[in-house]
1. Out of Thr93, Thr69, I need the residue that is in a loop (DSSP other than H, G, I, E, B), under 17 Å from Leu22 (Cα atoms) and either over 18 Å from the mean Cα position of the chain (by Cα) or modelled with pLDDT of 85 or more (or both). Which one?
2. Considering each of Leu50, Leu88, Leu18 in turn, give the residue that is in contact (Cβ under 8 Å) with a residue 40 or more places away in the chain and either in a loop (DSSP other than H, G, I, E, B) or within 13 Å of the chain's Cα centre (by Cα) (or both).
3. Is segment 27-41 home to any residue that is surrounded by 11 or more Cβ atoms within 10 Å (Cβ to Cβ), closer than 16 Å to Val117 by Cα and out of contact with any strand residue (DSSP E or B) (no Cβ under 9 Å at 6 or more places or on another chain)?
4. What's the number of the condition Gln108 fails, among (1) more than 10 Å from the chain's Cα centre (by Cα); (2) closer than 19 Å to Tyr122 by Cα; (3) surrounded by 13 or more Cβ atoms within 10 Å (Cβ to Cβ); (4) not acidic (Asp, Glu)?
5. Quick one: would you say Leu22 is on the phi > 0 side of the Ramachandran plot and either among the β-branched types (Val, Ile, Thr) or at pLDDT below 90 (or both)?
6. All but one of (1) free of Cβ contacts under 8 Å to residues at least 12 places away in the same chain; (2) under 14 Å from Thr93 (Cβ atoms) hold for Ser42; state the number of the condition that does not hold.
7. Go through the residues of segment 102-114 one by one and say whether even a single one is in contact (Cβ under 8 Å) with a residue 12 or more places away in the chain, touching a His at 6+ places or on another chain (Cβ under 8 Å) and in a helix (DSSP H, G or I).
8. In this structure, is Leu22 among the aliphatic types (A, V, I, L, M) and exposed (fewer than 11 other Cβ atoms within 10 Å of the Cβ)?
Amino acid sequence: MIKKYLNSLFDMKDFELLRYFLGIEVASSPRSYLLSQSKYASDLISRADLTNTRMADTTLELNVKFSPTHGIPLKDCTHYRKIVGSLLYLTVTRPDIQHAMYTFSQCQAAPRSMCWVQILCYLRSNRH
């Protein structure tokens, strides 16, 4: 019904079952949908050049507090901001990283080396 209505308003094509859209993989059953960004996360880890780094069990190390002097200042803030933006988009299907993303996004004004490595190591360990 909705497809017919939209088709009357817009020139569109119906490709039937949705499998992949904007970096989100969609698997469907008669009763539900499963959304996953595992490929998106893998590509993000590759872009950050952390494919051979350690694994992590948590998104944030216990009792870690970030300060303006924590870690080494990054020379290229643009790369950091792209990674943070991609990680924020990843929270669509990964609510387990939302708190860490809130913490790391506070480093955007003066990013430092330690701001995002932990969460990417966690994603590398927990791909789902």
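The values are calculated or read from the model by the stated rules, or taken from the named source; none is laboratory data. Given the structure is predicted, the values throughout are model-derived calculations rather than measurements. With ideal geometry, Cβ positions are generated from the backbone for all residues, glycine too; neighbour counts draw on all protein chains shown.
1. Thr93
2. The conditions single out Leu50.
3. First, the residues of segment 27-41 that are surrounded by 11 or more Cβ atoms within 10 Å (Cβ to Cβ): 27-28, 35-41.
Narrowing the set further to residues that are closer than 16 Å to Val117 by Cα leaves 41.
Now narrow it down to the ones that are out of contact with any strand residue (DSSP E or B) (no Cβ under 9 Å at 6 or more places or on another chain): 41.
Yes, segment 27-41 contains a residue that is surrounded by 11 or more Cβ atoms within 10 Å (Cβ to Cβ), closer than 16 Å to Val117 by Cα and out of contact with any strand residue (DSSP E or B) (no Cβ under 9 Å at 6 or more places or on another chain).
4. Checking Gln108 against (1) more than 10 Å from the chain's Cα centre (by Cα); (2) closer than 19 Å to Tyr122 by Cα; (3) surrounded by 13 or more Cβ atoms within 10 Å (Cβ to Cβ); (4) not acidic (Asp, Glu), the one that fails is (2).
5. Values: on the phi > 0 side of the Ramachandran plot: yes; either among the β-branched types (Val, Ile, Thr) or at pLDDT below 90 (or both): yes.
So Leu22 passes the test.
6. Tallying (1) free of Cβ contacts under 8 Å to residues at least 12 places away in the same chain; (2) under 14 Å from Thr93 (Cβ atoms), Ser42 fails exactly one: (1).
7. Checked segment 102-114: at least one residue is in contact (Cβ under 8 Å) with a residue 12 or more places away in the chain, touching a His at 6+ places or on another chain (Cβ under 8 Å) and in a helix (DSSP H, G or I).
8. Answer is yes for this residue.
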